[in-house]
Amino acid sequence: MAAKRDYYEVLEITRTATREEIATSYRQLARKHHPDRNPGDADSITRFKEAAEAFEVLHDPQKRERYDRFGHAGVDGPGGGAHFTDVEDIFQAFGDIFGGGIFGDMFGGGRGGRRVRKGADLESEVTINLLEAARGVTRPIRFRRHRRCDECQGSGAAKGTQAETCRYCNGRGRVIQSSGILRMQATCPSCRGTGQTIKERCRSCQGEGFSIEEVEQNVLIPRGIDDQMRIRISGEGEPSPDGGPPGDCYCLVHVTEHPLFHREGNHLICRVPITFSQAALGATIEVPTLDGPEELEVPAGTQPAEVFTLKRRGMPDPRGGRQIGDLLVQVNIEVPRKLDARREELIRQLAELESSHVSPHRKSFLEKLRGYFVPEENATPDKPVKDKKK
């Protein structure tokens with residue numbers, strides 16, 4: 001299988017291109033390789049699909065950010081870019097684009113008359129902790145969407161009546177508009193693209209054909225998912241207004257901060273305090289991992305902020321690969337804020353051996369007070385010298 005081309009190369013744009021520049025480039029390429037202009041040309045159809053896939057990713061800020069960080073792997077998983085297998089998929093995905101969007105209706109909404117539209121996508125949110133993100137979890141999500149009206153079965157017409165063919169567009173849902181040498185199609189202003197008109201509206205849905213329902217859906221969150229990633233639940237979005245496929249529901253995942261671990265990609269960072277004696281003499285310490293405590297050998301002479309790596313103790317690959325990140329243990333030498341007499345004595349002895357300059361022994365408050373009022377050279381333990389009055 002041939003490797004995918006870079007999406008920026010496909011659209012012939014730079015990596016700093018704006019959304020407007022992305023849309024403009026896609027418009028030009030779609031015109032150039034559109035199947036109606038290149039009948040029977042397999043290479044043009046391939047380029048047409050390729051450009052649509054690149055546009056679908058780069059025109060979406062979140063998908064573009066993942067693509068810039070991880071390349072094709074970042075958008076090939078759940079919630080990633082589209083993979084069009086047929087030209088009809090592109091017309092369904094970009095129905096608005098081909099029928100009034102960035103193409104200005106120049107292609108007439110596709111071949112074969114009025115094209116059905118895919119339902120709108122929905123978005124929900126779920127919050128999990130780092131351990132759940134590492135192991136994967138199934139969580140229920142709740143959202144609201146439209147459902148087909150039970151009374152009119154989605155027709156929008158009152159019971160006992162039916163919708164009629166729109167006389168303005170003859171049921172096509174589109175009307176032809178001419179501007180100079182250009183002929184463009186636009187959505188019918190009378191039926192709003194449905195091709196039908198309703199004289200007597202359904203009382204239950206007010207002619208909309210749909211009502212609101214509360215939905216609860218279980219979503220499988222894969223192992224290794226990161227904060228702000230999205231999971232696509234196919235077919236759980238809004239229903240199509242004209243008999244097309246339903247939209248999708250995108251679940252935005254929030255991963256809460258962990259008190260011990262900080263995530264960097266698939267790696268975890270844990271900062272562990274150790275004493276000076278452990279750093280100087282070496283020690284076996286216990287460090288936390290996602291699977292429980294684990295022993296770590298700290299060699300003699302360990303320096304502050306030194307990092308030790310525990311292989312494959314990090315996060316799994318969210319795209320389903322076998323690669324697992326590492327746990328990076330950074331040791332910080334902890335300096336005690338208070339010392340008892342014995343420890344202070346030993347540390348001062350060490351300072352003498354090292355010929356280090358350290359602060360003198362702390363005086364008590366009474367000693368400081370005595371030195372403030374009485375010159376130390378004239379004071380005696382039992383009879384301090386008092387100031388003479390002038």
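Structure above, values below:
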| item | result |
| --- | --- |
| Test for Phe261: is it in contact with a strand residue (DSSP E or B) (Cβ under 9 Å, 6 or more places away or on another chain) and at pLDDT 95 or above | yes |
| Residues within the range 30-48 that are surrounded by 20 or more Cβ atoms within 10 Å (Cβ to Cβ) and closer than 22 Å to Asp76 by Cβ, tallied | 1 |
| Pick from the range 286-318, criterion assigned to a strand (DSSP E or B) and in contact (Cβ under 8 Å) with a residue 40 or more places away in the chain, ranking: surrounded by the most Cβ atoms within 10 Å (Cβ to Cβ) | Pro316 |
| Subset of the range 243-256 (residues that are surrounded by fewer than 17 Cβ atoms within 10 Å (Cβ to Cβ) and either at positive phi or in contact with a helix residue (DSSP H, G or I) (Cβ under 8 Å, 6 or more places away or on another chain) (or both)) | Gly243, Gly244, Pro245, Thr256 |
| Any hit, the range 8-19, residues being touching a residue at least 60 places away in the same chain (Cβ under 8 Å), out of contact with any Pro (no Cβ under 9 Å at 6 or more places or on another chain) and not acidic (Asp, Glu) | no |
| Pairs where the first residue, in the range 34-59, is closer than 26 Å to Phe70 by Cβ and the second is among the polar types (S, T, N, Q) and part of a helix (DSSP H, G or I), C-beta under 9 Å, 6+ apart | Ala51/Ser25; Phe55/Ser25 |
| Sole residue being touching a residue at least 40 places away in the same chain (Cβ under 8 Å) and either out of contact with any helix residue (DSSP H, G or I) (no Cβ under 9 Å at 6 or more places or on another chain) or part of a loop (DSSP other than H, G, I, E, B) (or both), chosen from Cys191, Cys169, Cys205 | Cys205 |
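The values are calculated or read from the model by the stated rules, or taken from the named source; none is laboratory data. Fair warning: this is a prediction, and the values are worked out from it, not measured in the lab. Virtual Cβ from ideal backbone geometry, glycine too; neighbours counted across all protein chains shown.
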